[in-house]
């Protein structure tokens, strides 16, 4: 009888626990935004190192929940103040477990486009660069540099680095993009060297053709740059157009890029090809 | 020597028969299942999440079991006068300590490699069933090296407990002190790195304290799970030196324990 009473009492307690758990589950949603869910840089300093890996991953899962909740709350937009909290959490996660790819992936996706934490994202990704051998890390850094931070030169450097990773072979356009950025910055020698280096490594014939074509364009652009320098020395001023260089017999007439596009000189003294322009601009030029 | 080996053999057999040993393996298997469930939260690096969690569980289970079982064996020997039975068989106090150390070596090997085997097989299998795009190359040889490291660190912890038991009588105090040594020994490598990098910003007292701990305390940090996905991380002279230091440190503690235990008055 006594055992029966204890068993009944235990069952009642179990029932109470389950009921309370049910009530708690309904309130969890309201507490999810609390800051304590997100990891901080100091939180594992005195925890044995072997546990850092699992606990940092757990911190990342919490960060994902926080992002999800924040997006839901703000109807698909991550607020800047929430993004700053996400950044500091991802910084802590990658501090304790720097070779886990996902935090960098999430950081790059959520901290850039609408939020504007470009430099912070780049700093985060640079940590990953030391530990992860994945072409996407330097690619993300390069992309952030040229697209958001408008630093073509640094962008090209990292895209060039990304192209060297074995996994990047499927994405053969990386060296082309890098060479384009070098070209934009007037770093023709670097762009030419990069393409020559890639031509040696590349096995796919179609891609080789593309690279050869870009190389030809760059070499011609370099000829025009060289002619511009001679022109300036000879006439004491910068040339206004490619035609002036032709008239001065510094370059051959009908110098075209590999796709048949005409070269022209921009107002800030850069050599560009019609084919490099966006279709709308190209049409406007043709109309002129 | 024959007596020593016989004594060690009995201890290992006794421990292998413990239910807690099998309970531990079942609990570790469950934790592998939990790690697999957590993998669902990952986006790209699926195998890495499983590897991280299962490794952290492996290390946690290994050190906690060494802490409990080793402290328990020594305190039982002293409390229940089991040590008298051993000494009455003609085994000296030094041989008793050496025998215990040897049995801890074999026992920690059994736990580390049984759980390590489950860890490696689990990782390999999980990786095999991961979608091809996210699959990683798992280096089993590197995995065994990592488990070997864990084993020697687990043995080092058991010799710390042996050393503490050689002059302390209270089970709880031995346990607590061992936990403190484990935490300090696990964090000291990172703290020392921090002191080197941020030397100017840290007070000389803290800096000296960390340096003192780094030189004198056992180091419980290990290579971590990353070498399983990248063999090159293991090719470091630091790891080899650290391994040799752990072996020498363990031997030092065993001999020091036998010296202390020889002088100890057993009630």
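Bear in mind that the values in this text are calculations on the coordinates, not laboratory data. This structure is a prediction, so every number in the text was calculated from the model and none was measured. With ideal geometry, Cβ positions are generated from the backbone for all residues, glycine too; neighbour counts draw on all protein chains shown.
Things to note:
- Expected 222 nm ellipticity per residue - DSSP helices of 4 or more, -39500 (n - 2.57), all of the protein assembly as shown, to 500: -24000 deg cm²/dmol
- Each residue, residue A:21 and residue A:243, gets one label point 7 Å from its Cα in the Cβ direction; the gap between the two is 8.3 nm.
- Each residue, residue A:147 and residue B:2, gets one label point 7 Å from its Cα in the Cβ direction; the gap between the two is 7.8 nm.
- For chain A, modelled as a GNM whose springs connect Cα atoms under 10 angstrom apart, the maximal fluctuation among A:251, A:265, A:17 occurs at A:17.
- Burial ordering of B:97, B:248, fewest other beta-carbon atoms within 10 Å first: B:248, B:97
- Cβ-derived FRET efficiency at R0 35 Å, residue A:264 paired with residue B:239, nearest 0.05: 0.05
- Residue list for the stretch A:40-57, given a label point 7 angstrom along the Cα-to-Cβ vector of residue B:196 and an amide N cut-off under 18 Å: A:49
- Springs join every pair of Cα atoms under 10 Å in this Gaussian network model of chain A, and among A:216, A:157, A:74 the largest mean-square fluctuation is at A:74.
- Cα gyration tensor category, rounded, prolate or oblate, for the stretch B:188-266 with a/c compared to 1.5: oblate
- Largest first, the three principal axis extents of the alpha carbons in the stretch A:45-113 are 40, 18, 16 Å in whole numbers.
- Centroid-to-centroid, using Cα positions, the stretch A:1-25 and the stretch A:89-103 are 42 Å apart.
- When both the stretch A:241-271 and the stretch A:104-128 are represented by their alpha-carbon centers, they are found 40 Å apart.
- For residue B:183 and residue B:255, the FRET efficiency from 1/(1 + (r/R0)^6), where r spans their Cβ atoms and R0 equals 25 Å, is about 0.50.
- In degrees, nearest ten, helix B:19-38 long axis to first principal axis of chain B (Cα): 20 degrees
- Summarising the label geometry, the points placed 7 Å from Cα in the beta-carbon direction at residue A:73 and residue B:144 lie 5.2 nm from one another.
- Comparing B:136, B:76, B:193 in a Gaussian network model of chain B (Cα springs below 10 Å), the most mobile by mean-square fluctuation is B:193.
- Taking the C-alpha atoms only, the angle from helix A:205-235 to the longest principal axis of chain A is near 50 degrees.
- Counted by neighbouring Cβ atoms within 10 Å, the residues A:125, A:13 run from fewest to most as A:13, A:125.
- Binning the alpha carbon pair distances of the protein assembly as shown at 10 angstrom intervals from zero yields the distribution 3, 13, 18, 19, 16, 12, 8, 5, 3, 2, 1, 0, expressed in whole percent.
- Helix axis angle, B:93-128 relative to chain B longest principal axis, alpha carbon, degrees: 10 degrees
- Between the stretch B:161-237 and the stretch B:39-79, the Cα center-to-center distance that results, in Å: 18 Å
- Three-way shape call for chain B based on the alpha-carbon gyration tensor, with the a/c threshold at 1.5: oblate
- Estimated FRET transfer efficiency when R0 is 51 angstrom, pair residue B:208-residue B:13 (beta carbons, to 0.05): 0.60
- Listed from fewest to most Cβ neighbours within 10 Å, the set A:272, B:19 follows the order B:19, A:272.
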